[in-house]
Amino acid sequence: MEKYIPKYIQGATGDWEVVIGLEIHAQVASEAKLFSGSSTKFGADPNTHVSFVCSAMPGMLPVINEECIRQAVRTGLAMGCEIHLRSVFDRKNYFYADLPQGYQISQFKDPIVGEGEIIVDLEDGTTKTIGVERLHLEQDAGKSMHDQHPTQTYVDLNRSGVALMEIVSKPDMRSAEEAGAYFRKIRTLVRYAGTCDGNMDQGSMRADVNVSVRRPGAELGIRSETKNVNSVRFMMQVIEFETRRQIDLLEDGGEVFQETRQFDPASGTTSSLRSKEEAHDYRYFPDPDLLPLEFTQEFVDDLAKALPELPDAKRNRLINDLGVSAYNAAVLVAEKESADYFESLLDSLAHKTGKAKEELAKQAANWVIGDLFGALKKTGKSISESPVSLKDGAELLALQIDGTISGRIAKDVFEIMLDTGKNPELIVEEKGLKQVSDTGAIDAIIDEVIADNQDKLVQYRGGKDKLFGFFVGQVMKKTQGKANPQVVNQLLKPKLDG
Amino acid sequence: MTDLTKLTLAEARDGLAKGDFTSRELTQQHLAAMEKGRELNSFIVETTDIALDMADKADEMIKAGRGTGMTGIPIAVKDLFCTRDIHSCAASHILDGFKPKYESTVTANLWQDGAVMLGKTNMDEFAMGSSNETSYYGPVNNPWRATKQDGRLSENNYVPGGSSGGSVAAVAGHLALAATGSDTGGSIRQPAAFTGLVGLKPTYGRCSRWGMIAFASSLDQAGPITKTVRDAAIMMESMASYDDKDSTSVNRNVPNYEHALTGDIRGMKIGIPKEYRMDGMPQEIEKLWQQGIEWMKAAGAEIIDISLPHTKYALPTYYIVAPAEASSNLARYDGVKYGLRVEGNGLSGMYKNTRAAGFGDEVKRRILIGTYVLSAGYYDAYYLKAQKIRTLIAQDFAKAYEKVDVILTPTAPSPAFAMGEKSNDPIAMYLNDIFTVPASLAGLPAISVPAGLSADALPLGLQLIGRAFDEETMLRAAHVLEHAADYTAQPKIWWGEK
């Protein structure tokens, strides 16, 4: 691994360093809300997933949904964090129309998950370790809709009470790229662990972005916090914009104020929402309706045992045990679905060919990333919507590996599969695409080609070695690509050399 | 026909079982008494039709042999309990017109057992008060009035105590056979003492708080207000249950409390805490306490002097913890979802107008105190310190219960006082709770038993505090105390005579 190089930004008056911390809000994947039995399903009609508890009717009480606790512990384990066997739910008090209780149940002093570390890969081939401060559980608020009526605001409480995990990083990131890589890594981890669907379009993951700048090596600067940024691209825009804004301010002799800001995706800029003076005093205190949350180490251990293989471990296995290139392994594990597809394909291929996985993995990875991903990208489809089934994909690769078709023919067959959805064996059969390895037949064709190209033969023998490829191409052309290229090479060489 | 309103709950139960009268007859007599007793202002809502309907159903239950201790018993329900489709407003203007679509667990238990609802009783707004003068529906008049030197009844109205003032007035005035109350710092026990009734606050967690409009969640407990200890035992058994909808509810079997009333307390160790001997305590209270000690000794109990050293901090601790929780619990009354809404300029204008108009002065005072003690910079000095003292107070009791079985104290430092006498002096009002608050903070069961009359012939009560979840021993002692006191006084009827 390359050594991490700090990144500085050049200002008019010298170098600056940006310091970034993220608070990621990830919606817990669960059927029911954190403290009530109401459904968490996305996209329902307004106020149809609302119980007496999530609408804060008088006398209603919260009861912890245990599955949400398990999901938070799984996430903590996936991030390699310390799990706290005792944690406390607190009330965060503030008034807003879409906060029916007048407080949000959250965890303040004693969160369920403590410190951990995340390693991210950067584009220049280096890695960086980013600290996780904590993960705590909290309720989501409802949604205020300001565009339904000229003078009134409507409130939809479907989201009210849905469980969120707030994952707080340490201020360890030093560029938009690092922040993006960290966010993506967290997203990958929660999706592997099955604790959040990571669906950013539906708001399942969003981040509050804390940005400050300082002279290299100086004390931390004053930060701004930009709320509710819901894509990696926007997050990187926020960081670029805030960095520039703060450096410009400071270089012009101004001052950065601690404040909450909001992002405008249309202009790519941020603007002030409220200053420190206007900040809420949330008056946190332990929620007297809930007892402290306590569980045993055994409970944690059982969840740890049942966790699926996580991306770092999977990547290392692909590289070290299966011989997949580091780049390809990183691409495959980035999305759980891709990794799952690859692994199933490899299983099926090993079964079909009777060969060991490590002999097949490299080729399978190349095909998935090169051919399949290329085709998916063209049609804008995701791997779960792949037009080529696992079975057909494995069959196509198997045909290639057992020498039935050449790599070139395989690409043609794949195109036909995409167009027709037919299975590869059928296509090879119908189109007569089986590879020719019969030396007699190939010999005859080589002789024909040489006879037709006497001038090229003279040039070749005169030292133009590159013409070897021309002869190979002619042979392949005459066999419509079906000749086994290895056999062609073997037979052609002595004939040309004379 | 005989006056059925003068019966105790136990006598009515036995009469119903024997077929001496029906629940309809019993209920009708109480409804008539309610009508005559409207001057007491003990009911906010009279549910006449529902009462008769429930009485008929109870008569069927009894006929079918499915009667329980509460079947056919007409009771009054404090307005703090949510009752389905019936006015449930905690005597606050801010909940104007609120009719819940759900039934509190405690009342559901009572209806399940066949109890009959006469109506919803008046109370201090959100249970905040010790005189029932803070209700939006006006003060409740104590059926008791002082007897002047010349032997004539005072023309002044006396307070019934609070916050369950409507409930005690209804029972003491024989408008209901029993009533539900709720006790946060003494709201069952002090009004029971002021009206010559038995008031039982069970162990925290014994009754479900689900569907009880919250005042201070870590202290609120429902309990019965009755004419006798036996009645309290019968009603307690029906009200108590484990409820998985309340996370602070405790999963323990509910015993047959009536079986605990053996009349035998020989060898029982009764603690007398020296710290309850306050400076300036009226002589008659001190005398009654001493009398109580003598009665218990005469019944064969062993009297043991004990010390509860942190007692003097209980009241200030209570008046930090309870308002802190209340300030948060009452945040949901914001004009957005239900109850009162007073339009204003934007959301915050609406909030301000609604809460200014909807809450009374005492509620506002406690919201302000609670907000203050939870504020940044004050939390540690007030709320956190109060929590620590609360732990010390609980430890005082735990230590005492190594040596004793129950603790005997006065219930209140004075008899009922005249209307308006203390309403402008919050501190004098808060001092009413001085003997009741420690058990509330420690979550212990406590009961007030009528034990005598003051110099001007107003009822006085003695309090017994039990071990957590040992209501049985406490009830046994209370039953003996009740018999020794031989309290038979009844208020002279001054209402409804015009």
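Observations on the structure shown:
- Counting the residues of the range B:443-465 that are surrounded by fewer than 24 Cβ atoms within 10 Å (Cβ to Cβ) and over 17 Å from the mean Cα position of the chain (by Cα) gives 6.
- Members of the range A:54-68 that are free of Cβ contacts under 8 Å to residues at least 24 places away in the same chain and at the interface with chain B (Cβ under 7 Å from one of its Cβ atoms): A:57, A:58, A:59
- Any strands (runs of 3 or more DSSP E) falling wholly within the range A:137-241 and containing at least 1 residues that are buried (at least 19 other Cβ atoms within 10 Å of the Cβ), at pLDDT 95 or above and among the small types (Gly, Ala, Ser): A:163-169, A:205-214, A:224-229
- All of (1) within 10 Å of another protein chain (Cβ to nearest Cβ); (2) in contact with a Phe, Trp or Tyr (Cβ under 7 Å, 6 or more places away or on another chain) hold for residue A:101 with one exception: (2).
Every residue, every condition in (1) more than 14 Å from chain A (Cβ to nearest Cβ); (2) at pLDDT below 95; (3) over 18 Å from the mean Cα position of the chain (by Cα), yes or no:
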site: B:6; (1), (2), (3): yes, no, yes
site: B:9; (1), (2), (3): yes, no, no
site: B:39; (1), (2), (3): yes, no, yes
site: B:44; (1), (2), (3): yes, no, no
site: B:48; (1), (2), (3): yes, no, yes
site: B:55; (1), (2), (3): yes, no, yes
site: B:58; (1), (2), (3): yes, no, yes
site: B:82; (1), (2), (3): no, no, no
site: B:108; (1), (2), (3): no, no, yes
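Let's see how each residue does on (1) assigned to a loop (DSSP other than H, G, I, E, B); (2) within 14 Å of chain B (Cβ to nearest Cβ); (3) modelled with pLDDT of 95 or more:
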residue	(1), (2), (3)
A:246	no, no, yes
A:257	yes, no, no
A:261	no, no, yes
A:266	yes, no, no
A:272	no, no, no
A:279	yes, yes, no
A:283	yes, yes, yes
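- The set of residues in the range A:375-387 being within 19 Å of the chain's Cα centre (by Cα) and surrounded by 12 or more Cβ atoms within 10 Å (Cβ to Cβ) consists of A:376, A:381, A:383, A:386.
- The condition of being over 30 Å from residue A:366 (Cβ atoms) and acidic (Asp, Glu) holds for only one of A:340, A:312, A:289, that being A:289.
- Taking first residues from the range A:352-368 that are among the hydroxyl-bearing types (Ser, Thr, Tyr) and partners that are in a helix (DSSP H, G or I) and modelled with pLDDT under 95, the Cβ contacts under 7 Å between residues at least 6 apart in sequence or on separate chains come to A:353/A:360; A:353/A:398; A:353/A:401.
- Flag if residue B:204 is within 21 Å of residue B:141 (Cα to Cα) and among the aromatic types (Phe, Trp, Tyr): no
- Here the range B:219-250 is the region considered, the condition is being assigned to a helix (DSSP H, G or I) and in contact with a Pro (Cβ under 7 Å, 6 or more places away or on another chain), and the residue that is surrounded by the most Cβ atoms within 10 Å (Cβ to Cβ) is B:232.
- Criterion (without any contact (Cβ under 8 Å) to a residue 40 or more places away in the chain and surrounded by fewer than 17 Cβ atoms within 10 Å (Cβ to Cβ)) met by exactly one of A:45, A:15: A:45
- A single entry from B:59, B:20 fulfils the requirement of being of a type in the set (D, E, K, R) and not in a helix (DSSP H, G or I): B:20.
- For the range A:147-161, the set of residues classified as without any contact (Cβ under 8 Å) to a residue 24 or more places away in the chain and of a type in the set (S, T, N, Q) consists of A:148, A:151, A:152, listed by residue number.
- For residue B:26, the conditions (1) of a type outside the set (Lys, Arg); (2) surrounded by 20 or more Cβ atoms within 10 Å (Cβ to Cβ); (3) touching a strand residue (DSSP E or B) at 6+ places or on another chain (Cβ under 7 Å); (4) within 30 Å of residue B:360 (Cβ to Cβ) all hold with the exception of (4).
- Counting only residues that are touching a Lys or Arg at 6+ places or on another chain (Cβ under 8 Å) and not in a helix (DSSP H, G or I), the range A:356-373 holds 0 of them.
- Answer from A:207, A:181, A:193 - the residue that is of a type outside the set (D, E, K, R), in contact (Cβ under 8 Å) with a residue 40 or more places away in the chain and out of contact with any strand residue (DSSP E or B) (no Cβ under 6 Å at 6 or more places or on another chain): A:193
- Within the range A:330-350, restricting attention to residues that are free of Cβ contacts under 8 Å to residues at least 24 places away in the same chain and surrounded by fewer than 19 Cβ atoms within 10 Å (Cβ to Cβ), the residue that is farthest from residue A:120 (Cα to Cα) is A:347.
- Test: residue B:251 is within 14 Å of chain A (Cβ to nearest Cβ) and under 24 Å from the mean Cα position of the chain (by Cα): yes
- Taken over the range B:269-283, the criterion of being touching a residue at least 40 places away in the same chain (Cβ under 8 Å) and out of contact with any strand residue (DSSP E or B) (no Cβ under 7 Å at 6 or more places or on another chain) is satisfied by B:278, B:281, B:282.
- Each residue in the range A:69-89 was checked for being within 14 Å of chain B (Cβ to nearest Cβ) and in contact with a Ser or Thr (Cβ under 8 Å, 6 or more places away or on another chain), and 1 of them qualify.
- Test: residue A:120 is within 14 Å of chain B (Cβ to nearest Cβ) and surrounded by 19 or more Cβ atoms within 10 Å (Cβ to Cβ): no
- Among (1) over 24 Å from residue A:125 (Cα atoms); (2) surrounded by 15 or more Cβ atoms within 10 Å (Cβ to Cβ), the one test that residue A:31 misses: (2)
- Tally of residues being in contact with a Lys or Arg (Cβ under 8 Å, 6 or more places away or on another chain) and either more than 14 Å from chain A (Cβ to nearest Cβ) or free of Cβ contacts under 8 Å to residues at least 40 places away in the same chain (or both) across the range B:300-322: 9
- The set of residues from the range B:182-208 being among the basic types (Lys, Arg) and more than 14 Å from the chain's Cα centre (by Cα) comprises just one member, B:206.
- Taking the range A:285-329 as the range and being in a helix (DSSP H, G or I), aromatic (Phe, Trp, Tyr) and in contact (Cβ under 8 Å) with a residue 40 or more places away in the chain as the test, only A:299 passes.
For (1) among the aliphatic types (A, V, I, L, M); (2) within 20 Å of residue A:340 (Cβ to Cβ), each residue gets a yes or a no:
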{"site": "A:356", "(1), (2)": "yes, no"}
{"site": "A:372", "(1), (2)": "yes, yes"}
{"site": "A:383", "(1), (2)": "yes, yes"}
{"site": "A:388", "(1), (2)": "yes, yes"}
{"site": "A:400", "(1), (2)": "no, no"}
{"site": "A:408", "(1), (2)": "no, no"}
{"site": "A:413", "(1), (2)": "yes, no"}
{"site": "A:425", "(1), (2)": "no, no"}
{"site": "A:435", "(1), (2)": "no, no"}
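The values are calculated or read from the model by the stated rules, or taken from the named source; none is laboratory data. Values in this document were obtained by computation on a predicted structure and should not be read as measured data. Counting neighbours? That spans all protein chains shown, and the Cβs are built from the backbone with ideal geometry, glycine included.
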